Amino acid sequence: MHIIKKIFVFPRIIYFLMPIIVISFVFTNLLSNAVEVSSIEFIGEATLPKGLILRKTEIGGLSGVAYNAKNNLYYTISDDRGQKAAARLYTLKIDLSKGSLEKGKVVPVSVTTLLNENGQTFRAGESDTEGIALTNKETVFISSEGDAARLINPFIKEFSLSSGKEIVTLPIPNKFLPDKTGQQGIRNNLAFESLTITPDNKHLFTATENALIQDGVTAKPNVGSPCRILQYNLLNNQPEKEFLYQTEPVSPFLNVTGKFASGLPDLIALDNQGHFLSLERSFTGLGFAISLFQVSLEGANDIHNIDSLLAVDSKNIKPVQKKLLLDLRKLDVLLDNIEGLTLGPKLSDGQQSLILISDNNFNSLQRTQILAFKIKIETPLIRLLRRLLPNLNF
């Protein structure tokens, strides 16, 4: 009789525990916040004509791009150091209405000259503008690499889209600034290429393209470089965290020229919880190697209190998590110097578009190339439903 009672008691325990198990499973999955790109599809390429002139300025050196969903326009920053014209950004229209990017569907609309806090244009060589990120206030943040050789500091400034005038300058931590000894700070042309703002407009992120002098070596064939991601709080415009981002070692293919360069030129925030797409670009002597990664700050150590990675045991520092999304060399496309990326509009099928843009270096042998992709971004809830109901199409 006691055995029979125990048999009937056991299912009651199961009924009691089952809701707890289910709730715990759902709660754990939803709290992960880890949005993921589950698929990516190439949907077209376009190029701008060489030597294209708009309002007496040559369009080129496009190193960063940001999308404005309100007016379906793109803002691109030129890295011209004032040799062709004053520091400036361009506004483009990119037509993805047919679900793909076709030749001739990228049209320059306007040019905006950047002005300093005194309403004057930047002097030649004073800026090397590389990254651009759109706010929710009709302004953009723009990053400059500066010039380490001339002890010109990098900067991150906010500009009005309507007037082009500087509004705010963010403070740069001292460890990033070059000094006379040449023992610390950014390396020339390897500083703040990237710039992105989280969807809630609370945080801005940038990163060095290669290691700071006191952090390690520059990228070399088969050797990556330890970059720093720098996080700002836009509620008080102060830097607050830094993270280690290790670029991938790249093997040159038939590098008969002996030239090699590799680094991190851009990031785009996918959410407010520290998930990004990153772009790594390498010149291998006979062409470009371009890769897209999914990046997560989850579990990465905050290194803002470490002035030099070479002065500590960096093996104990946990870097950001990376996952290769796409090696663009696998596409049937002749790649140029891709340096910028942004999330574009939703396509007609509801999927998210992604736009990449190249810096032609004002070189007649290069092109201003625009590549378009369709990506599927899954939230924790969608992934959970896919696991629980695998036969349904989400």
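No value in this document is a laboratory result; all are computed from the given coordinates. Here the structure is a predicted model, which is why all the values come from computation and not from measurement. So basically every Cβ, Gly included, is an ideal-geometry build from the backbone, and we count neighbours across all protein chains shown.
For this structure, a couple of remarks:
- Exposed loop sites here are GluC sites (Glu not before Pro) assigned a DSSP state other than H, G, I, E or B and surrounded by at most 15 other beta carbons within 10 Å; excluding them, the longest clear run of the chain is 139-297.
- Positive-end residue of Ala69, Leu89, Pro221, charge dipole of the chain with Cβ unit charges: Ala69
- Calculated from backbone phi, Karplus (6.51, -1.76, 1.60) coupling profile of the range 183-195 in Hz, x at Gly/Pro: 9, 8, x, 5, 9, 4, 6, 9, 10, 7, 7, 9, 6
- Label-point gap, in nm, between Asp179 and Glu138 - each point 7 angstrom along Cα→Cβ: 4.4 nm
- Under the combined filter of DSSP loop state and at most 13 neighbouring Cβ atoms within 10 Å, the range 191-295 retains these trypsin sites (Lys or Arg not before Pro): Lys202, Lys259.
- Helix-only [θ]222 nm of the chain, DSSP H runs n ≥ 4, -39500 (n - 2.57) each, per residue, nearest 500: -3500 deg cm²/dmol
- Residues of the range 58-78 with amide N under 11 Å of a point placed 7 Å along Cα→Cβ from Ala85: 58-60, 78
- Helix 2-31 and the longest principal axis of the Cα set of the chain meet at an angle near 10°.
- Distance violations [Cα-Cα > 30 Å] among Lys220/Lys330; Lys323/Lys346; Lys165/Lys323; Lys202/Lys259; Lys157/Lys315: Lys165/Lys323; Lys202/Lys259; Lys157/Lys315
- Computed about the Cα centre, the dipole magnitude for the range 118-222 is approximately 180 debye when only Lys and Arg (+1) and Asp and Glu (-1) carry charge, each at its Cβ.
- The Cα atoms of the range 273-365 give a gyration tensor whose axes a ≥ b ≥ c have a/c of 1.5 or more with a/b no greater than b/c, which makes the shape oblate.
- Each part gets one Cα centre, and for the range 269-297 versus the range 117-176 those centres are 23 Å apart.
- Those trypsin sites (Lys or Arg not before Pro) in the range 73-131 that DSSP places in a loop and that have at most 14 other beta carbons within 10 Å: Lys98, Lys103, Arg123
- In nm, spacing of pseudo-spin labels at Ser110 and Asp307 (7 Å Cα→C-beta vector): 4.6 nm
- Note on the chain: with charges restricted to the Cβ of Lys and Arg (+1) and Asp and Glu (-1), its dipole about the Cα centre is near 1000 debye.
- Point-charge dipole on Cβ atoms (K/R +1, D/E -1) for the range 144-192, about Cα centre, debye to 20: 100 debye
- Tensor-based shape of the range 170-241 (alpha-carbon gyration tensor, a/c under 1.5 rounded, otherwise prolate or oblate): oblate
- Among Gln352, Gln369, Leu335 - extreme Cα towards positive end, dipole of the range 302-379, charges at beta-carbon: Gln352
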